[in-house]
1. Output the qualifying pairs, or none if there are none: Cβ atoms under 6 angstrom, residues six or more apart or on different chains, first residue in segment 155-170 and polar (S, T, N, Q), second residue part of a helix (DSSP H, G or I).
2. With the condition kept exactly as written, say whether any residue in segment 35-46 is of a type in the set (S, T, N, Q) and either under 16 Å from residue 104 (Cβ atoms) or touching a Pro at 6+ places or on another chain (Cβ under 6 Å) (or both).
3. Can you go through 50, 76 and tell me which one is at positive phi, of a type outside the set (S, T, N, Q) and at pLDDT 95 or above?
4. Of these, 27, 14, 18, which one is over 30 Å from residue 227 (Cα atoms) and surrounded by 18 or more Cβ atoms within 10 Å (Cβ to Cβ)?
5. Residues that are touching an Asp or Glu at 6+ places or on another chain (Cβ under 9 Å), on the phi < 0 side of the Ramachandran plot and of a type in the set (Asp, Glu): does segment 144-152 have at least one?
6. Show the residue pairs that are 6+ apart or on different chains and have beta-carbon atoms under 7 Å apart, the first residue being within segment 228-250 and small (Gly, Ala, Ser), the second being part of a helix (DSSP H, G or I) and buried (at least 22 other Cβ atoms within 10 Å of the Cβ).
7. Out of curiosity, is residue 78 closer than 18 Å to residue 147 by Cβ and within 22 Å of the chain's Cα centre (by Cα)?
8. Tell me which residues, restricted to segment 234-281, are of a type in the set (A, V, I, L, M, F, W, C) and over 19 Å from residue 299 (Cα atoms).
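The values are calculated or read from the model by the stated rules, or taken from the named source; none is laboratory data. What you see is a predicted model, and the numbers here were worked out from it, not measured in a lab. Cβ placement follows ideal geometry from the backbone for every residue including glycine, while neighbour counts extend to all protein chains displayed.
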Amino acid sequence: MPYPHVLLSAAVSLDGYLDDTGPERLLLSSPADFDRVDEVRASVDAILVGAGTIRADNPRLLVNSAGRRAARVAEGRAEYPLKVTVSGSGDLDPAANFWHTGGEKLVYTTDAGAERATALLGDTADVVPLGPVLDWRALLAHLHDGRGVRRLMVEGGGTVHTQLLQQGLADELQLVLAPLLVGDPAAPRLFGPGAYQGGRLRLTGSRRIEDVVLMRYEPTAPGTGPLDTAADRHWLRTACELAALCPPSETAFSVGAVVVAADGTELARGHSREGGDPVMHAEEAALTKLDPADPRLPGATVYSSLEPCAHRASRPVPCAGLILAAGVRRVVTAWREPDTFVTAADGSGVLAAGGVEVVTVPEYAALAQLPNAHLPH
């Protein structure tokens, strides 16, 4: 299912706290950074905070700049982004600032919490039950498909940030580091304990803003099961973009592929007809750049814009066979092979029969098909 781009935004002390335990909120950002946050808010379709953040901070979550609000309206968007909160119990304070400022409001809750939230809030907000428990994937899919949200800014709290990162649903982390120390073990921290995806996040940018530092990260470690993660979508998009580098052909698909280790290290990439070889396939081009004995291959993921081939006349071993021989046990692809050149091709079936987890992300199919638009079917 397609999800919005999920941007986690937070400011922390040098020792990793979101706040102290005093009665007033600890201001970690600088004035210039508050203005930057306002700019980011103006750029997104929705802003989400957990119910705990509403109770603790009583935020308004507004775009404060009149100029930025006017620019949104001129672009045909609402003056304010949609405001979203999440509460399993539905126990929400109807007097909180969240409900009485800005534009539309939306509450995601459980089946049990929906009745309570509706009774408390009336027509102040739309209440959407997600089932017996809160389901982040169902929430994001509903935001995307039901409310047209393409960019979602998440401003807290720590529990929400933790859950989204642990489940591989955060596309980007914008973290501000403030020159303060809290040192109180009772104070809230940005991330809680638990199992996170392995590997290092990629630093995509950093800059000083008065006396704080903004750092931007994106996850790189592949997922480990049948559900795609934000990192999977990043690498699959890269594979689809590689397909655009292929020399055009009337008799073969244009495909891109990337091999990524479990820790998020890119091992190799390739594309169809790379190096002037008219019969080179993308997965083949990537895998031939690696030592077959590389110990990282069994834990790696192959990302291919098109389902790896199960049959080919140009080489003795199709790409599905090359992947199995390499020991790779997970493949993520955007597009199942049509009957253009091979009838009933089923590389995914060959891989699955060999013990490989095959994940298809159809929201990237259109991007994968672009360099093949001239081909029949």
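1. Matching pairs, first to second residue: 167/136.
2. There is no residue in segment 35-46 that is of a type in the set (S, T, N, Q) and either under 16 Å from residue 104 (Cβ atoms) or touching a Pro at 6+ places or on another chain (Cβ under 6 Å) (or both).
3. Every option except 76 fails the conditions.
4. From the options 27, 14, 18, the qualifying one is 18.
5. First pass over segment 144-152, keeping only residues touching an Asp or Glu at 6+ places or on another chain (Cβ under 9 Å): 147-152.
Adding the requirement that they be on the phi < 0 side of the Ramachandran plot leaves 147, 149-152.
Those left that are additionally of a type in the set (Asp, Glu): none.
No; the residues of segment 144-152 include none that is touching an Asp or Glu at 6+ places or on another chain (Cβ under 9 Å), on the phi < 0 side of the Ramachandran plot and of a type in the set (Asp, Glu).
6. 243/368; 243/371; 244/371
7. no
8. Hits for segment 234-281 are 240, 242, 243, 244, 245, 246, 252, 253, 255, 279, 280.
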